[in-house]
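Worksheet for the structure shown next.
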């Protein structure tokens, strides 16, 4: 009974969700059953787009690449971010002042605030095969053999992209974790250290345990962002060379706006939406169960 | 837990300044240095860009992007600023980002209050429903939202961007806040209830202050995400342009009419098909428009001239 009184607080959110998400997503589902080039009347074709999709090699390859992107955008940033924020928060800050830990956090967060198009140009300066910083430095030290065409070589492009994605994403996890740490009662740490627990032990048994909600949120949101990733791929490789770095979102975009197969693009984005939602729900229900336990 | 304070042996001497546990040992300096170098490496790409923005074009062409600048030349920056009306774009982007931030935070706080503290039945599924806004790939929404915004006359307006971005972002906020709100001790809320505080009072005077660090982070994220997005190309306006070009192709070009290349001078690429002329400016200076009526342009035309990187469709 009591909980029903909270319903008014849900109304604005539900209205917005209906208008901006549910209705358009339903319309997109409808479009996925048609053949349409963006103008004129769509023709109903039933499930043709979906059966084409199942046999589309590039579509499957794009999902395979998503796994690499999840490692680069979700797994590595979460673990590295957790470790870095713990070092900053309760190793650097107590010894060298919170100014130095804040400065470091701001520097790590910087990639998040520059427009992605600019980030693409910046990495171009570094990765350009002839005049780029990385290859120039390697050649200066006589390591010519290590100089590569970082984004142009199909064997290397995905790994290079992964490094850039870690760079982009790390600031997000560090900022969320450091905000979470200031929520944790400092006396817990003090008690543990007075008890003789070393830094690593406090990290494992105090920090990680108390940050559970934030870790779940970060893992879920970064995994979803990794599956949806579009802009960094668009500015860095456009899915190339060949289809070496293509991802489902980019593939859908390509069908929507380059080949103008809107129905096919709608089918790809519908499948992607279902996959992401299922994965997100799985993580969410796991988090829910461990929170209730 | 690993320790309880009452039984802990006191090892640290709590004299003035840092406690014995937090001394700057050589090991601590090594960690400090490593973190410093890592942070510098993170901003290295931006440092290189800043270095290049103060070089002259000639210097850049001669020495490449990595040489140290010989002096500070701000003409690149001022020229860029004036050329694309950066002040106008900045004000526009600020307004949109602030609007989307306020809407996003409001929706997040209200909804997560109901989900995180209301303990409603089926709250997992309510949260899951809101998460769809976050899990749906945005390209799935572009076409339908474009038609809806057109239908109500809000296409390409700031208010439509604020609403769309605010609602989409709030999914993240609802999720983050309701996860963290669940950690508020029940006794705190019970105490307030006994004091006779209503739900709205509890939200404003207890929940929001307790959640302040997380709400601040949320507001910062929303603001930054929106301004980063707003500076990228608006896909809906590209869509509008492509649709117009496709429509023109259907309306104007009879099948079988040959395409003829026209020479309109250096920098310009031009084709004529029937009575339609397509001119693209690949140079870096504006060129005067040929005679005829403009049907469509890929960018704003500047007083009868085609700006660089712009294509015009004309009849005549």
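The values are calculated or read from the model by the stated rules, or taken from the named source; none is laboratory data. Remember, predicted model here, so these are calculated numbers, not experimental data. In this analysis, Cβ positions are derived from the backbone assuming ideal geometry, glycine residues included, and neighbour counts consider all displayed protein chains.
Rundown of residues vs (1) assigned to a helix (DSSP H, G or I); (2) at pLDDT 70 or above; (3) more than 30 Å from residue A:5 (Cα to Cα); (4) touching a helix residue (DSSP H, G or I) at 6+ places or on another chain (Cβ under 6 Å), yes/no style:
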| site | (1), (2), (3), (4) |
| --- | --- |
| B:44 | yes, yes, yes, no |
| B:47 | yes, yes, yes, no |
| B:67 | no, no, yes, no |
| B:93 | yes, yes, yes, yes |
| B:99 | yes, yes, no, yes |
Problem - Residue pairs meeting the criteria (Cβ under 6 Å; at least 6 apart or on separate chains; first modelled with pLDDT under 90, in the range B:104-122; second buried (at least 23 other Cβ atoms within 10 Å of the Cβ)) - result: B:115/B:178; B:116/B:178
Fill in the blank from the handout: When residue A:128 is run through (1) under 27 Å from the mean Cα position of the chain (by Cα); (2) at pLDDT 90 or above; (3) surrounded by 15 or more Cβ atoms within 10 Å (Cβ to Cβ), the failure sits at (2)
Exercise for the section: Check whether at least one residue in the range A:282-291 is in a helix (DSSP H, G or I), touching a residue at least 60 places away in the same chain (Cβ under 8 Å) and within 7 Å of chain B (Cβ to nearest Cβ), and report yes or no. Expected result: yes
Fill in the blank from the handout: Matching residues in the range B:299-314 (modelled with pLDDT of 75 or more, over 10 Å from residue B:281 (Cβ atoms) and surrounded by fewer than 18 Cβ atoms within 10 Å (Cβ to Cβ)) number 0
Completion exercise
So the helices (runs of 4 or more DSSP H) completely within the range A:18-105 holding 2 or more residues that are without any contact (Cβ under 8 Å) to a residue 40 or more places away in the chain and under 30 Å from residue A:198 (Cβ atoms) are A:76-87, A:93-96
Handout entry: Qualifying residue in the range A:253-262 (condition: more than 9 Å from chain B (Cβ to nearest Cβ), farther than 24 Å from residue A:80 by Cβ and in contact with a helix residue (DSSP H, G or I) (Cβ under 6 Å, 6 or more places away or on another chain))
Key = yes
Completion exercise
Of the residues in the range B:139-160, those that are over 29 Å from residue A:6 (Cα atoms), within 16 Å of the chain's Cα centre (by Cα) and more than 8 Å from chain A (Cβ to nearest Cβ) number 1
Problem - So residue B:170, is it buried (at least 23 other Cβ atoms within 10 Å of the Cβ), within 13 Å of chain A (Cβ to nearest Cβ) and modelled with pLDDT under 85 - result: no
Handout entry: Single condition residue A:229 does not satisfy, out of (1) more than 10 Å from chain B (Cβ to nearest Cβ); (2) under 13 Å from residue A:62 (Cβ atoms)
Key = (1)
Practice task
Could you list all residues from the range A:197-216 that are touching a residue at least 60 places away in the same chain (Cβ under 8 Å) and within 23 Å of the chain's Cα centre (by Cα)?
Solution key: A:208, A:211, A:212, A:213, A:215, A:216
Practice task
For residue A:257, work out the one condition from (1) farther than 14 Å from residue A:36 by Cβ; (2) without any contact (Cβ under 8 Å) to a residue 12 or more places away in the chain; (3) surrounded by 16 or more Cβ atoms within 10 Å (Cβ to Cβ) it doesn't fulfil.
Solution key: (1)
Problem - From A:102, A:159, A:85, residue being more than 8 Å from chain B (Cβ to nearest Cβ), within 29 Å of the chain's Cα centre (by Cα) and over 30 Å from residue A:65 (Cβ atoms) - result: A:102
Exercise for the section: Report whether or not residue A:170 is modelled with pLDDT of 90 or more and within 8 Å of chain B (Cβ to nearest Cβ). Expected result: yes
Handout entry: Residue list for the range A:135-155, restricted to those being surrounded by fewer than 16 Cβ atoms within 10 Å (Cβ to Cβ), at negative phi and away from chain B (no Cβ under 13 Å)
Key = A:141, A:143, A:144, A:145, A:146, A:153, A:154, A:155
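Yes or no, residue by residue, for (1) more than 10 Å from chain B (Cβ to nearest Cβ); (2) in contact with a helix residue (DSSP H, G or I) (Cβ under 6 Å, 6 or more places away or on another chain):
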{"position": "A:8", "(1), (2)": "no, no"}
{"position": "A:32", "(1), (2)": "no, yes"}
{"position": "A:58", "(1), (2)": "yes, no"}
{"position": "A:77", "(1), (2)": "yes, yes"}
{"position": "A:81", "(1), (2)": "yes, yes"}
{"position": "A:89", "(1), (2)": "yes, yes"}
{"position": "A:93", "(1), (2)": "no, yes"}
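So that you can scan it fast, the table gives a plain yes or no per residue for (1) more than 23 Å from the chain's Cα centre (by Cα); (2) more than 14 Å from chain A (Cβ to nearest Cβ); (3) in a helix (DSSP H, G or I); (4) on the phi > 0 side of the Ramachandran plot:
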| residue | (1), (2), (3), (4) |
| --- | --- |
| B:108 | no, no, yes, no |
| B:116 | yes, no, yes, no |
| B:121 | yes, no, no, no |
| B:128 | yes, no, yes, no |
| B:132 | no, no, yes, no |
